[in-house]
1. Pairs please, first residue from the range 47-71 and at pLDDT below 95, second anywhere and assigned to a helix (DSSP H, G or I) and surrounded by 13 or more Cβ atoms within 10 Å (Cβ to Cβ), Cβ atoms under 7 Å, 6+ apart in sequence or on different chains.
2. What number of residues within the range 13-41 are assigned to a loop (DSSP other than H, G, I, E, B) and surrounded by 14 or more Cβ atoms within 10 Å (Cβ to Cβ)?
3. Hey, can you tell me all the residues within the range 63-86 that are within 12 Å of the chain's Cα centre (by Cα), within 18 Å of residue 35 (Cα to Cα) and part of a helix (DSSP H, G or I)?
């Protein structure tokens, strides 16, 4: 895994698997109060909110968009080295970047 950018509490990684498939992992973490353990199971429910002026649309719509593209999102408490708070990990699949030929050579990206 190679960290390409890191600023504040947001970063992303491009991951190349054993099958040469690239995926993108995006992590957003904050140092706020986090979310209550009983709220964690409801965060992606439509219209569920813990904010006074929240609509409960942001996380459910984000999840629907990611799932429609073969991705996922999960919520978890942020790690101590991230300042505590909340942490969201978004994952999206990508293209195969190399494929082996019958003669043993490898070609470049097939995503052209």
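The values are calculated or read from the model by the stated rules, or taken from the named source; none is laboratory data. Bear in mind that the values here come from a model prediction, so they are computed numbers and not experimental data. Using ideal geometry, Cβ is built from the backbone for each residue, glycine included, and neighbour counts are taken over all protein chains shown.
1. 50/39
2. Going through the range 13-41 one residue at a time, the tally reaches 4.
3. Within the range 63-86, just 63 meets the criteria.
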